[in-house]
Amino acid sequence: MTKLTIKETQNPAIIKFEFPDFITRNQSYEYKNIDEATDSPLAQQLFYLPFVKTVYISGNFVAVERYSIVEWDDVKEDVAEQIEEFIQKGGVIITESENKSKKLPVTVYGETTPNPSALKFVVSKMLTKNAIEFKNIDQAAASPLAQELFKFPYVKEIFMDENYISVTKYEINSWDEITLELRTFIKQYIENGGTVLDDSLLAAPLKSEDKKDEAFDKLDETSQKIINILEEYVKPAVAADGGNIVFESYDESTKTVNVIMQGACSGCPSSTFTLKSGIENMLKSMLNDEQIKVESVNG
């Protein structure tokens with residue numbers, strides 16, 4: 001049975017119900033009433049609830065905006081159960097072939113990062129469920145978008161995760177000269193339905209959650225603790241800066257934690273400081289071991 005994750009948003013009237021997999025293909029949908037939802041049986045079902053004002057469907061989630069006659073705390077679990085039951089009975093979320101709903105415009109904006117050579121482009125929709133990095137166009141066979149971006153002569157590396165793309169540039173241009181061009185290209189590419197990432201073309205398929213859990217269970221206790229600390233405390237912070245950190249290994253004999261820095265964190269002048277003064281000190285404190293060292297295997 002499909003199990004949804006309920007997530008709050010910055011708008012208290014809107015709540016998201018996230019699916020474990022994508023439910024649409026390169027499109028977003030918005031319905032203001034049941035008459036607009038002719039191509040979404042799920043949205044039509046939701047509009048029978050008297051407090052439903054708007055239904056949004058995009059990527060891997062359904063978001064619902066409520067009227068003020070109820071509070072989400074009182075009804076969100078019931079709505080999630082109704083959606084899960086609808087899916088379990090074979091209900092259709094979107095009849096995409098009909099495509100009669102409004103296609104939402106995509107918003108893309110740039111964010112600076114601690115790495116002066118990298119800029120983070122945040123997109124108003126889910127792009128990928130898995131972080132992935134491309135060092136050059138030859139590695140980007142699975143991402144038509146990355147391939148197109150590499151055609152810009154100043155693009156050096158590309159990193160994608162969730163709803164953002166980090167672009168690392170060569171020093172031949174300043175960000176003032178190229179930010180607008182990149183932002184406009186990404187926006188138009190996604191709005192036109194271009195494929196961001198094709199999982200079937202990945203040279204090394206990303207591990208499923210079950211395989212990740214299996215690999216995690218085989219690790220020693222200290223490695224498991226390190227991974228949990230990185231996932232809970234470190235990854236959200238580096239993701240905000242357009243980067244990622246991946247646990248590589250732990251050597252008990254030398255007390256060395258090896259990690260891989262990705263995206264804006266890769267090659268960042270401040271990454272060494274982050275590793276030593278931030279992550280290393282955190283691990284020493286939380287593991288109660290002053291001998292812990294953290295090293296980046298990719299510099």
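FYI, it's all coordinate maths here, none of it is from the lab. Since we're looking at a predicted model, the values are computed, not measured. Every residue, glycine as well, gets a Cβ built from its backbone with ideal geometry; the counts of neighbours run over all protein chains shown.
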According to a simple spin-label model (label point 7 Å from Cα along Cα-to-Cβ), what is the distance in nm between residue 177 and residue 53? 4.7 nm
Within 10 Å of each residue's Cβ, count the other Cβ atoms and sort 125, 89 from fewest upward. 89, 125
Just subtract the alpha-carbon distance of residue 192 and residue 73 from 0.36 nm times their residue separation and send over the number in nm, one decimal. 39.1 nm
Choice from 50, 116, 41 showing the highest fluctuation, given a GNM over the chain with Cα pairs closer than 10 Å: 50
When the chain is treated as a GNM, springs tying every alpha-carbon pair under 10 Å, which of 161, 251, 241 comes out with the largest mean-square fluctuation? 251
Quote the charge dipole size of the chain about the Cα centre in Debye, to the nearest 20; the model charges only the Cβ of Lys and Arg (+1) and of Asp and Glu (-1). 720 debye
How big, in percent, is the set of alpha carbon pairs in the chain lying more than 37 Å apart? 25 percent
May I ask you to list the aspartates and glutamates whose Cα is less than 13 Å away from that of residue 129, ignoring any residue fewer than eight positions away on the same chain? 18, 21, 161, 162, 198, 199, 209
Could you check the simple spin-label distance between residue 7 and residue 251, using points 7 Å along Cα→Cβ, in nm with one decimal? 3.7 nm
State, to one decimal in nm, how far the label point of residue 170 lies from the label point of residue 152, with both points 7 Å from Cα in the Cβ direction. 1.4 nm
Taking the Cα centre of the range 105-201 as the origin, how large is its charge dipole in debye, to the nearest 20, when only Lys and Arg (+1) and Asp and Glu (-1) carry charge on their Cβ atoms? 100 debye
